[in-house]
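First, the structure itself, so that you have it in front of you.
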Amino acid sequence: MRETRTGPEENRFVVSQELPFPLKLWYRRQRAKEKTKQAFEAYQAVRRRLAREFKTAYYELYVVDSSLAVIHEIHSTLKNIEAVAEARYAQGSSSQRDAAKSQAEVSMSLEQVYLFEQKRQSLVSLLNAMLDRSPLEEMNGVAKPEKPELHKTITELITLASQNRQEVKGAESELEEGRHEKKLAWLENIPDVEAGFEYNWVGTEMSEAADAGKDA
């Protein structure tokens, strides 16, 4: 409690608010908007990248399935040739070299089947991970992708890419944010304003002053 001219101060109530210079608020808002743009463009870039990776993996899976179908057909044909070569060798009408050559070709086709099946398993696991599914879930009946049609020239495509690429837009927003940061740093030289209200409860006191015991 402080003693004042009008009496002892019993309680004090203070409310205050700092009011930044108006331009500071505006540039802070602009800076926040640029940061939001950067986050949005980064999100869009991730979406585009995942879509591209998913399509690439799906097309590769189609190629692997098509290759496996051809290799299985070749393997079946080579098995028939191997059987004929072994029969002719058993009859003495063919050399052992021909039979061994047929067996080697059958083994090579089996190795190709194994390699492609391993690659297919990896691709299916990758696609399931992108789809947030179990990596063991099968993916059969891969449809043949449609051939895309481009109705624009390479110059037009490059122009569209430079105008719409998310990384470029994000870099532009980052540059704009830097400009706002620079202006904000300069505005720090301008003082802010603090406005407030204060109320003091003053106790009564024997005094000849006209405002004795009056709250301030």
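Would you mind estimating how fast the stretch 3-59 diffuses translationally, via Stokes-Einstein at 25 °C and 0.890 mPa s with the Kirkwood radius over Cα pairs, in µm²/s?
145 µm²/s
Which loop-located trypsin sites (Lys or Arg not before Pro) does the stretch 5-40 contain, where loop means any DSSP state but H, G, I, E or B and the Cβ has at most 16 other Cβ atoms within 10 Å?
5
Taking all protein chains together and a probe of 1.4 Å, list 98, 132, 211 from the most accessible to the least accessible.
Descending order: 132, 98, 211.
Moving on. Helix-only estimate, please: 222 nm mean residue ellipticity of the chain, summing -39500 (n - 2.57) across DSSP H runs of length 4 or more and dividing by its residues, to the nearest 500. Mind dumping the intermediate values first?
Values: 4 runs with 138 residues, N = 216.
Per the formula, -23500 deg cm²/dmol.
Can you give the accessible area per residue of the chain, in Å², using a 1.4 Å probe?
About 75 Å² of surface per residue is accessible.
Within the set 119/152; 101/147; 55/169; 55/101, which residue pairs have Cα atoms separated by over 31 Å?
Going by Cα-Cα distance, 119/152; 101/147; 55/101 fall outside the 31 Å limit.
Can you run phi through the Karplus equation (6.51, -1.76, 1.60; θ = phi - 60°) for the stretch 116-124 and list ³J(HN,Hα) in whole Hz, with x for Gly and Pro?
For the stretch 116-124, the Karplus curve yields 5, 5, 5, 5, 5, 4, 5, 5, 5 Hz.
Could you give me the ³J(HN,Hα) list for the stretch 40-54, computed from phi with Karplus coefficients 6.51, -1.76, 1.60 and θ = phi - 60°, whole Hz, x at Gly and Pro?
With the stated coefficients, the stretch 40-54 comes to 5, 5, 5, 5, 5, 5, 5, 4, 5, 5, 5, 5, 5, 5, 5 Hz.
Check which residues have an amide H placed less than 5 Å from residue 7's amide H, if you skip close sequence neighbours.
213
How many angstrom separate the Cα center of the stretch 174-216 from the Cα center of the stretch 71-144?
The stretch 174-216 and the stretch 71-144 have Cα centres spaced 84 Å from each other.
Something else about it: Cut-off under 12 Å on the C-alpha distance; same-chain residues fewer than 8 positions from residue 33 excluded. Which aspartates and glutamates are left, in chain and number order?
Within reach: 174, 176, 177.
Rank these by accessible area, largest first, 1.4 Å probe: 155, 6.
On the way: 155 95, 6 20 Å².
Heavy-atom accessible area, descending, gives 155, 6.
May I ask you to order 136-144, 78-86 by the average number of other C-beta atoms within 10 Å around their residues, highest value first?
78-86, 136-144
Given Cα pairs under 8 Å that are at least 6 residues apart, what percent is the relative contact order of the chain? All intermediate terms of the calculation are to be shown ahead of the outcome.
Working: 202 pairs, mean separation 105.0, N = 216.
In percent, rounded to a whole number, it is 49.
Roll a 1.4 Å probe over the protein heavy atoms and report the accessible area of residue 114 in Å², nearest 10.
130 Å²
To the nearest 10 square angstrom, how much accessible area does residue 15 have with a 1.4 angstrom probe?
Ignoring ligands and nucleic acids, residue 15 comes out at about 80 Å².
Something else about it: Can you tell me the orientation of helix 166-187 relative to the chain, as the angle in degrees between its alpha-carbon axis and the longest Cα principal axis, to the nearest 10?
In the chain, helix 166-187 runs at an angle near 20 degrees to the longest axis.
At a probe size of 1.4 Å, how large is the accessible area of residue 130, to the nearest 10 Å²?
60 Å²
The values are calculated or read from the model by the stated rules, or taken from the named source; none is laboratory data. Bear in mind the structure is a predicted one, so any value in this text is a computation, not a measurement. Cβ: placed from backbone, ideal geometry, glycine included. Neighbour counts: every protein chain shown. When the accessible area is computed, the model is the full protein with side chains, heavy atoms only, and any ligands, DNA or RNA have been set aside. Shrake-Rupley method; radii C 1.70, N 1.55, O 1.52, S 1.80 Å.
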